[in-house]
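Please treat every number below as a calculation from the coordinates, not as lab data. None of these values were measured; they are calculated from a predicted model. Cβ placement follows ideal geometry from the backbone for every residue including glycine, while neighbour counts extend to all protein chains displayed.
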Amino acid sequence: MKVEAARTVAPFWSMPHAQVYAQCDRLLEAGLLSEVRQSGGRNRRLMKLTEEGAAALRSWLADSSFVPVEARERGILKLWFGASPRVHAPVQVEEHRRTLGEYEELAEGVGELLTRGQREALEFGIRYERMMVDFWQWVETREP
């Protein structure tokens, strides 16, 4: 589970490993997942959506309610509390450019293999990183 989460949604949705397992346990308790323990070896837990779980997933996917974004950008928080833009902006520009490059590489390499929703989520990441590069470049060039 943790490997698949890291491979797929981690760039867009932070998932600490402990949270993945805790959430799986809650879904098992609620009857939304079923579990079979693999015998031998690492005793892996094989999980599968139940019919009730599949219905809950369909309902969640169909819910178009708006939930405001919570931008948890540490660099922005530091600016708010008085950090030096001259110190932070160059690092932020470099790191956001690096991440942008990774996303663009991913889009070029496997973009056509992704589902429409996965490709759109990746496009969000690309546009977000472009915006962050632009923002931090703006911060960097402002007068003191």
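Pick from Gly41, Gly53, Gly31: which is most flexible by mean-square fluctuation in a GNM of the chain where alpha carbon atoms under 10 Å apart are linked?
Gly41
With the chain treated as a Gaussian network of Cα nodes joined by springs under 10 Å, which of Val91, Val20, Val67 yields the largest mean-square fluctuation?
Of Val91, Val20, Val67, the Gaussian network model singles out Val67 as fluctuating most.
Please give, to one decimal in nm, the separation of the simple spin-label points placed at Trp13 and Glu35, each 7 Å out from Cα toward the Cβ.
Roughly 2.0 nm, to one decimal.
Using alpha carbon centroids, what distance separates the range 39-68 and the range 117-132, in Å?
Between the Cα centres of the range 39-68 and the range 117-132 lies a distance of 24 Å.
Per the helix-only calculation at 222 nm, which mean residue ellipticity applies to the chain, given -39500 (n - 2.57) for every DSSP H run of n ≥ 4 and division by its residues, nearest 500 deg cm²/dmol?
On the way: 6 runs with 91 residues, N = 144.
Calculated at 222 nm, the ellipticity per residue is -20500 deg cm²/dmol.
Say we join alpha carbon atoms closer than 10 Å with springs in a Gaussian network model of the chain; which of Ser64, Ser34, Ser14 then has the biggest fluctuation?
Ser64
Please return the longest range in the chain lying between exposed loop sites, taking trypsin sites (Lys or Arg not before Pro), DSSP loop only, at most 14 other beta-carbon atoms within 10 Å, and leaving the sites out.
Details: sites that count: Arg42, Arg44, Arg72, Arg142.
The reported range is 73-141.
Using the crude model of +1 on Lys and Arg Cβ and -1 on Asp and Glu Cβ, and no other charge, please compute the dipole size for the range 65-123 relative to its Cα centre, in debye to 20. Please report the intermediate quantities before stating the final value.
Working: 8 positive and 11 negative charges, 84 e Å.
Computed charge dipole of the range 65-123: roughly 400 debye.
Helix 85-110 sits at what angle to the longest principal axis of the chain, using alpha carbons and giving 0 to 90 degrees rounded to 10?
Compared with the principal axis, the helix lies near 50 degrees.
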